[in-house]
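What follows is a set of notes on a single structure, which appears directly below.
The values are calculated or read from the model by the stated rules, or taken from the named source; none is laboratory data. Please read these numbers as outputs of a predicted model, since none were measured by experiment. FYI the Cβ positions are ideal-geometry reconstructions off the backbone, even for glycines, and counts take in every protein chain you see.
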Amino acid sequence: MEKEHIVLPEHIAIIMDGNGRWAKKRGLERTEGHKVGAEVFRKICQYGSDIGIKYMTFYAFSTENWKRSAFEVGTIMNLFRKYLEEMEEREGENEEAGYNIHFIGSREGMPEDIAQLMNVVEARSSDKDKIHINIAVNYGGRDEIVHAAKRLAKRIEKGELSPEDITEEAISDNLYTAGQPDPDLVIRPSGENRLSNFLIWQSAYAEFYSSDVLWPDFTPEDLDKAIEEYSKRNRRFGGI
Ligand code: IPE
Ligand code: IPE
Ligand code: MG
């Protein structure tokens, strides 16, 4: 990528969409698309880290995706399990890569062994800071806000907070992304122009970039294109 004149977003969020259509186009099962998509995820993480992106959030599985067939959900969970096992086994490599991995979404409802692996991978990488990688699994933006509201309500019940303490900052601090900068750029491949319940609070002022490329075909060059386009945008945040 031409580095001149490029403003790198601090936080890029990606909706990894289009796996099913990619497979269908090739006469394959939808799950074949998820397998390739999982490889592309690894590549884009590496590339983002190489070019100096500090935060990346990947939407892998939504609270609504449980509606899909048991076979498809099972395949996605197996791919996720495989990724976690790989992360656990290759701890040394991760140390070097400097990935700080964080999972956003509800652990409730996740298979028990996966939930445990998520805790292990998160704990082991928590002191790294080359790049922060959030993986959104069993994630829904509305669910996240409900979760934050409940946490705050419990503190009010205990007398630790008063209703006046419920500020935008207090809500942000109780989301799964607490302490992280909001996404600057949200990328959705596959030609859809919607958020599908992704980071709905955090994306209030994010730049949205839609690409027609299906996720399994997404390359580092496609990420460059999105960043170049982002670079040209004029963000006003309500000002002039
Ligand atoms: C994204 O690809 C992966 C998940 C939602 C888990 P899709 O499976 O939604 O692919 P399309 O949108 O049907 O092509
Ligand atoms: C969003 O994609 C969720 C993920 C990519 C994980 P979907 O394919 O589930 O979204 P819709 O159904 O097109 O809105
Ligand atoms: Mg989809």
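Please work out if Ile114 is more than 16 Å from ligand 3 (Cβ to nearest atom), in a strand (DSSP E or B) and modelled with pLDDT of 95 or more.
Here the answer is no, as Ile114 does not meet what is asked.
Does at least one position in the range 191-198 carry a residue that is modelled with pLDDT of 95 or more and over 23 Å from Ile104 (Cα atoms)?
Looking for residues that are modelled with pLDDT of 95 or more and over 23 Å from Ile104 (Cα atoms), one finds at least one in the range 191-198, hence yes.
Given the structure, is Glu88 loosely packed, with under 14 Cβ neighbours inside 10 Å and more than 14 Å from ligand 2 (Cβ to nearest atom)?
Yes; evaluated as a whole, the condition is true for this residue.
Is it true that Asp224 is under 21 Å from Val40 (Cα atoms) and within 16 Å of ligand 2 (Cβ to nearest atom)?
It is false that Asp224 is under 21 Å from Val40 (Cα atoms) and within 16 Å of ligand 2 (Cβ to nearest atom).
Need pairs with beta-carbon distance below 7 Å; first residue more than 15 Å from ligand 1 (Cβ to nearest atom) and within the range 130-144, second part of a helix (DSSP H, G or I); sequence gap 6+ or separate chains.
That search, which allows pairs on different chains as well, returns Lys130/Ser49; Lys130/Ala97; Ile131/Gly48; Ile131/Ser49; Ile133/Cys45.
Name the residues in the range 1-59 that are more than 16 Å from ligand 2 (Cβ to nearest atom), within 16 Å of the chain's Cα centre (by Cα) and part of a loop (DSSP other than H, G, I, E, B), would you?
Within the range 1-59, Pro9, Glu10, Ile53, Lys54 meet the criteria.
Check whether at least one residue in the range 29-51 is surrounded by fewer than 17 Cβ atoms within 10 Å (Cβ to Cβ) and in contact with a Lys or Arg (Cβ under 9 Å, 6 or more places away or on another chain), and report yes or no.
Yes, because at least one residue in the range 29-51 is surrounded by fewer than 17 Cβ atoms within 10 Å (Cβ to Cβ) and in contact with a Lys or Arg (Cβ under 9 Å, 6 or more places away or on another chain).
Looking only at the range 61-110, count every residue that is in contact with a Phe, Trp or Tyr (Cβ under 7 Å, 6 or more places away or on another chain), in a helix (DSSP H, G or I) and touching a residue at least 24 places away in the same chain (Cβ under 8 Å) and tell me the total.
1
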